[in-house]
Amino acid sequence: MRTKFSAEFVLGHEAGQHVLIRDGDVVFEDTRIIYVGPNYEGPTDQSFELGRSLITPGLIDLDALTDIDHLLIDSWASTDRANGLQWSEDYFHNRRADVFTAQERQTIRKYALVQLALHGVTTYMPIASEIHSAWAESFDELAGMAETSRQIGLRGYLGPAYRSGVNVVRASGQRDVAFDEEQGRAGLADAVRFLDYAEDLADPLVNGVLLPCRIETLTADLLRSTAEIARERHALVRLHCLQGALERELLQRWHGLTPLQLLEQTGLLAERLVIPHGIFVDRNPLVDGTDLGDLQTLAEANISIIHCPLTSFRYGMALDSFAAFREAGVNLCLGTDSFPPDLIRGMDTGVHLAKLLDHRPDAAPAEHYFEAATLGGARALDRPDLGRLEVGAQADLVAFSLDDIRDGVLDDPVRTLLLNGTARQATHSVVAGRLIMRDGVIPGVDVPVLKAEAQRLFEKMKEAYSERDSERRTPEQLFPPTFPEARQIQLVIDQ
């Protein structure tokens, strides 16, 4: 089937860079784009005239939340409550359990994948909190999510997350990691099983990758085994590291190495590696404050950094700096990592954080961030057919409406979208030639039912924190409201 999308603005691609086309058309047949430009006059089977909209390549989110929103309740915890959001040592040894049933986990995955689609993400790599599981992720859980992803039509890079340790709070109140190496080996076996599953499935929308958890929750042996399998299977690896002071402190204590040195020693630095966050490198004032070669190491190893500006900002951190990484030759791509999975808001946040860190207004212009959300993600995945609208590329696209008075006046459409808009303006989305969202609606999804079920599961998640907290505080104590409820005020007055 031949389909044409037309809009006032199209972000095409020529000579290795994005270009803006006014009153443009994107035409695709089956899974491939066959025309990008103005005034297409060939035959079509169906057409979409979108008026004052911007058609862009599909957004690529390589740290995409596939969980119930947790940032709502854990990004503002005071020091006295922060430890209550981790596993207690007693819970690790005696009571660890799954908060959700297997079916509830699948509902959570569906809810999250629908959110990604509604926000214009067409390609994703998942991230979910392991706090609410007895350990990490299983093969069955990811195989179930893969089926849901196929039904919606998203392009996923998937695998069960695995680890050999978990962040805990010791009885003394000290933060540490408790290990169960057998669980780590079992998790890696599940990850390899998923690689086989994805290969046998032979669906281009389901791609197997290795997703070990945080570097401080993996033994050196598990890191080495991951590197060996990645090399044998030519598998992409995503590993959360360079993201916090505690991580760096623990690795120095256990191994006498920095995170990058440990990656090199275990062989992962030589593999296809993508790293979310990348904040705690030597140039960061919280580390050394001086560039001692970390960025050069990353660039020479061809490592991609998954920058998550909105989430980092909400947890009080920032990449220092986007321009420095880019100028050093490090490939930058984007992730959301938490709710909302809104890469437009994320890009806007990143642009302005860069101004503060580099003390100049042009430190990271909108176009650099939009390239990271498209071309940078494609480079990280080694997929030159993604992240661009040009002949021969995959027919992955998203359209953002710019027609609401609340969008303000229109200047450059990309800059206007980032400064004045959000990803909620996505109206149409196509993945591999399949229309997965039309007029803001995803076919086959009962939104009211999904919304109600997600709220129920969110409340269940909040209740479970008490079981893990070393002080066994109630959810009301761990997550107090911004203001007291009216009935509480009335009670005080009556007394």
Out of the DSSP beta bridges found with both residues in the range 59-386, what percent are antiparallel (nearest 5)?
15
In whole angstrom, largest first, the equivalent ellipsoid semi-axes that the Cα gyration tensor gives for the range 348-495 are 40, 24, 20
Any chance you could tell me what percent of the C-alpha pair distances in the range 61-150 go past 19 Å?
47
Compute the long axis of helix 220-233 from its Cα atoms, compare it with the longest principal axis of the Cα atoms of the chain, and write down the angle in degrees, 0 to 90, nearest 10.
30
For the chain, averaging the sequence separation of alpha carbon pairs under 8 Å that lie six or more residues apart and dividing by its residue count, the contact order in percent is 20
Taking Cα atoms only, helix 343-358 is inclined relative to the longest principal axis of the chain by an angle, in degrees rounded to 10, of 70
Under a straight-distance cross-link criterion of Cα-Cα below 24 Å, which lysines are reachable from LYS110, leaving out those fewer than 8 residues away in the same chain?
LYS451, LYS460, LYS462
Each label point is 7 Å from the Cα along the Cα-to-Cβ direction; what then is the distance between the points at MET1 and LEU410, in nm?
2.8
So between LYS451 and ASP221, what do we pick up on full extension, going 0.36 nm a residue minus the alpha carbon distance?
78.6 nm
Any idea how far apart ASP200 and ALA486 come out in nm if each label point goes 7 Å out from Cα toward Cβ?
5.9
Per residue, what volume in Å³ does the Cα convex hull of the chain take up?
165
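Quick note: the coordinates plus some simple rules give every number you see, no bench work behind them. This is a predicted model, so every value here is computed, not measured. Backbone-built Cβ (ideal geometry, glycine too); neighbour counts: all protein chains shown.
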